[in-house]
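Q: Right, I'll just put the structure down here and ask away after.
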């Protein structure tokens, strides 16, 4: 069974990639995906589940070209021989979720509304099945 919770970064939130704080975010979405399994033994009337994986996906739109170039450099694979993705350290703070984790810059796209500035849309996905590291309050997320 899988569940999804969706958040916004919020006014006071900060998102940094490899220590570089992204400041030109004009649109954002943070999704926490949880995979669970039923661990009830069948004899009890109560239902019990166990969370075995929790991952974060972040979608942002940037309007600063320098920040887009910075993320674009990290979108490239480390090695063309093995075609491994490049891992980045992502830190969310000051919002609904305060976490620090390894991630990949998963995808990029360009977006432009009528009479508006060009924005690049990025998808950042948590890497692997490792547990999330709490940065602040352990009740978040």
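Q: Rounded to the nearest angstrom and ordered from largest down, what semi-axes does the equivalent ellipsoid of the range 2-134 get from its C-alpha gyration tensor (root of 5λ)? Spell out each step's value before the answer.
A: On the way: eigenvalues 201, 68, 36 Å².
Value: 32, 18, 13 Å, ordered largest first.
Q: Another question, if that's okay. Separation between the residue 53 and residue 82 pseudo-spin-labels, each 7 Å from Cα along Cα→Cβ, expressed in nm?
A: 2.0 nm
Q: Next question, about the same structure. Take every Cα pair under 8 Å in the range 2-134 that's 6+ residues apart, average their separations, divide by the length, and report that relative contact order as a whole percent. Write down the numbers at each step before the final one.
A: Values: 268 pairs, mean separation 33.4, N = 133.
The normalised contact order for the range 2-134 reaches 25 percent.
Q: Quick one: if you stick a label point 7 Å off each Cα along the C-beta vector at residue 127 and residue 20, how many nm between them?
A: 1.6 nm
Just so you know, all these numbers are worked out from the coordinates, no wet-lab data involved. Everything numeric here is computed off the predicted structure, so don't read it as measured data. Positions of Cβ are generated from backbone atoms using ideal geometry, with glycine treated the same way; all protein chains shown enter the neighbour counts.
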